[in-house]
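Notes follow the structure.
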């Protein structure tokens, strides 16, 4: 009887802790802007393996630093589960490098993107696409 009460108490405790947990997710893309026209068009392609740094400040003023790499679709993702009281407040995402042999120059004018994270638990926040461009645009772009 005491054992079943203990198990019941542990289950209630776990459920109470889970109710206070918060999960956030940041999604972004990195694309090779082949023509260097600062827009994503049919000639452009996703960059696999591009590195992005994401720095977030929590509601409790803790600074968290994340490193992400893009997948074959050029998408990177940062996710974290933490207590609701420590959830992300604001974040800064910035591209670090592209390992694509032809598309290594930063193609956009901003060095990073600062944003307030105000999504409810379990929701994702998508941010603006980062662009890289080749040293010289192909002839068909002119």
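Among 87, 94, what is the fewest-to-most ranking by other Cβ atoms within 10 Å? Provide the component values of the computation, followed by the final result.
On the way: 87 22, 94 15.
By the 10 Å Cβ count, ascending: 94, 87.
Could you point to the label whose value was computed as mean projected area of the Cα convex hull in nm² for the structure here, given [x] 10.9; [y] 10.3; [z] 12.0?
Only one listed value fits the structure, namely [x].
Could you tell me how many degrees, from 0 to 90 and to the nearest 10, lie between the Cα long axis of helix 2-19 and the main elongation axis, the longest principal axis, of the Cα atoms of the chain?
Helix 2-19 sits at roughly 30 degrees to that axis.
Cut-off is 10 Å between beta-carbons; in what order do 70, 58, 81, 104 appear when sorted fewest neighbours first?
On the way: 70 24, 58 20, 81 13, 104 16.
So the residues, fewest neighbours to most, are 81, 104, 58, 70.
Mean residue ellipticity at 222 nm from the helices of the chain, using -39,500 (n - 2.57) per DSSP H segment of n ≥ 4 over the full residue count, to the nearest 500 deg cm²/dmol?
Details: 1 runs with 18 residues, N = 142.
My calculation for the chain gives -4500 deg cm²/dmol from helical runs alone.
Sort 52, 78 by Cβ crowding within 10 Å, fewest neighbours at the top. Write out the running numbers ahead of the final one.
Values: 52 24, 78 21.
With the fewest neighbours first, 52, 78 line up as 78, 52.
Here, each number is a calculation from the coordinates, and none is a lab measurement. Computed from a predicted structure; not experimentally measured. So basically every Cβ, Gly included, is an ideal-geometry build from the backbone, and we count neighbours across all protein chains shown.
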